Amino acid sequence: MCRQRIERTSPRFVVRANDLITRWNAQPLAKQFLMAGGIVAATAMIVVGAFVTSLIEDAVTRNSAATTALYVDSVIAPLLPDMQTTEVLDDTVSRALDETLGQGALGGRLLAFRLWRADGTILYANEESMVGKRFELSPELKAAFDGEVVAQFTPVDDLDGETERAANKPLLEIYNPVLQPWSGQVVAVSEFHEIANDFELSLSRARIQTWLAVAGFTLAFFIMLSAIVMRGSRTIDKQRLALKQRVEELSALLEQNEMLRGRLQQASQRATALNEQMLRRIGADLHDGPAQLLAYASLRVDSEALMNTSTPTDKREREVAAIKASLDEAMREIRTICNGLVLPQIETASLREILERCVHAHRQRTGSAVDLSLSRPPDHLSPSAKICIYRFVQEALNNAYRHGGGVGQRVVQSMDGNRVRIEVADGGPGFDPDKIRPTSLGLAGLRERIESLGGTFELNGAAPGTVVRMSLGIEEVGQL
């Protein structure tokens, strides 16, 4: 049962721990530093403050003990007899000690005084009932008999003796070795219990000042470090945001390039197919037009009317005239086909001149009216863009004349930011774009030509009239 309960709760604990880690990692770096650094700084402040306070307390206690030891060595030790040969102090020495310990500043602070012999016997005490008693040496007494001055501060709450508890005041316990002047040996130990009100006050002030100094230094250091980290975090956030935006822009450009590459590949494939269809159409036009007329003329050249010398002159002239008319018609059709294939010199022409030439040529060829409207045409276009615009206007006007009767023909040029827009419209009956045959070369060729340059092609055949639009980016086509 216990194992099943552990197995049930363990995954939940892991999920909760992972959730906490995820939330922590989602926090900004500055917030993570403030939280973690604050905990570390507070812990360090407590540890350092406690350590420094302990050092200060030990140092102050040792200094006070050294002062008391100096007093004992200079005032009390001369009153004592030879402690190596004396096991009990006589009344004269005891009265001298009573008078000495009861006077001066020390007399007002002294709560208890004991003079110990090495075997644990109390040779002298300000409490007469303690004199002559023997006790087991405490660790402090043993350390003092080894020549070490021992000092211990005891607050009111930690008092354990009856006399000390009755005084209800903090005490400074000092165990000072008494040395024999000529040999330097420890012959006795004096034990002082000094009322330490002033000592406690000084110690409290030292503690407070120490804690304030440590806290102030830690806080100043933490604030300075936090300012540096927050500044760095803001810089990192700005760079991260800029990098993210840059990555998004590059991703969008990559997607756009990939889309354009696909469109270009498809346009290239369709352009190849359209070129083949165009060649077949040119071949069909030549075969069905000039070739038939030339074949007819060739047959009439070998006709009996021309070969027979007895043929009347008027009949022979009529035959020659028919042959000449057939040849002239063939030449006109050949010129018409060539005019549709050969472009005028447009490399050095501006967009205004290109549109004016195209409209003028259409007017001369069809005799129909065409309105031309120009609006801030760009100064520079690539040759491929000029050819594309010329072919677009030429084919759109031809379609408007053939299918719309040449009614209300107009060409409008405008600018949309960095894109040049060309619109060709007529007032004819219109048509359904869905009914255009896939083998139709005109509109399909225009679409492929425009899209291969990164432009857009639009067709609206809703009656009345038909509107064909194209759009090219100046910067895009200028680099092609």
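The values are calculated or read from the model by the stated rules, or taken from the named source; none is laboratory data. What you see is a predicted model, and the numbers here were worked out from it, not measured in a lab. Don't worry about glycine lacking a Cβ; one is built from the backbone with ideal geometry, like all the others, and counts go over all protein chains shown. Please note that ligands, DNA and RNA were not included when accessible areas were found on the heavy atoms of the full protein model with its side chains. Shrake-Rupley method; radii C 1.70, N 1.55, O 1.52, S 1.80 Å.
General remarks:
- Which numbered condition Val359 misses (of (1) out of contact with any Asp or Glu (no Cβ under 8 Å at 6 or more places or on another chain); (2) farther than 22 Å from Glu458 by Cα; (3) surrounded by 15 or more Cβ atoms within 10 Å (Cβ to Cβ)): (2)
- Single residue of Ala267, Ala295, Ala284, Ala291 found to be modelled with pLDDT under 70 and either hydrophobic (A, V, I, L, M, F, W, C) or touching a strand residue (DSSP E or B) at 6+ places or on another chain (Cβ under 6 Å) (or both): Ala284
- Filtering Glu248, Glu258, Glu276 for residues that are more than 30 Å from Gly445 (Cβ to Cβ) and either open to solvent by 60 Å² or more (accessible area, probe 1.4 Å) or more than 30 Å from the chain's Cα centre (by Cα) (or both) leaves a single hit, Glu248.
- Among the candidates Ile389, Ile354, the residue that is closer than 25 Å to Ala444 by Cα, in contact with a Leu (Cβ under 8 Å, 6 or more places away or on another chain) and at pLDDT 80 or above is uniquely Ile389.
- Among the residues of the range 349-370, those that are of a type outside the set (Lys, Arg) and over 18 Å from Met415 (Cα atoms) comprise Ala349, Cys358, Val359, His360, Ala361, His362, Gln364, Thr366, Gly367, Ser368, Ala369, Val370.
- Selection status of Ala242, farther than 30 Å from Thr53 by Cβ, at pLDDT 85 or above and in a helix (DSSP H, G or I): yes
- Every pair of residues 6+ apart whose Cβ atoms lie under 8 Å, when the first sits in the range 445-463 and is on the phi > 0 side of the Ramachandran plot while the second is assigned to a helix (DSSP H, G or I) and not basic (Lys, Arg): Gly454/Leu260; Gly454/Glu476; Gly454/Val477
- Of the criteria (1) loosely packed, with under 10 Cβ neighbours inside 10 Å; (2) in contact (Cβ under 8 Å) with a residue 12 or more places away in the chain, which one Ala44 fails: (1)
- Evaluation of Glu353 against (1) touching a residue at least 24 places away in the same chain (Cβ under 8 Å); (2) acidic (Asp, Glu); (3) surrounded by 13 or more Cβ atoms within 10 Å (Cβ to Cβ); (4) within 23 Å of Gly455 (Cα to Cα) (one fails), failing number: (1)
- Of the set (1) modelled with pLDDT of 75 or more; (2) surrounded by 12 or more Cβ atoms within 10 Å (Cβ to Cβ), all apply to Gln27 but (1).
- Output for the range 384-424, where each listed residue is of a type in the set (Lys, Arg) and open to solvent by 50 Å² or more (accessible area, probe 1.4 Å): Arg402, Arg410, Arg419, Arg421
- Exactly one residue out of His403, His380 is touching a residue at least 60 places away in the same chain (Cβ under 8 Å), assigned to a loop (DSSP other than H, G, I, E, B) and farther than 17 Å from Glu458 by Cβ: that is His380.
- Taking the range 242-275 as the range and being farther than 18 Å from Leu453 by Cβ and small (Gly, Ala, Ser) as the test, the residues that pass are Ala242, Ser251, Ala252, Ala273.
- Among (1) without any contact (Cβ under 8 Å) to a residue 12 or more places away in the chain; (2) under 30 Å from Pro78 (Cβ atoms); (3) not polar (S, T, N, Q) - the single one Val247 does not satisfy: (2)
- Residue within the range 361-383 that is touching a His at 6+ places or on another chain (Cβ under 9 Å) and closer than 28 Å to Leu279 by Cα present: no
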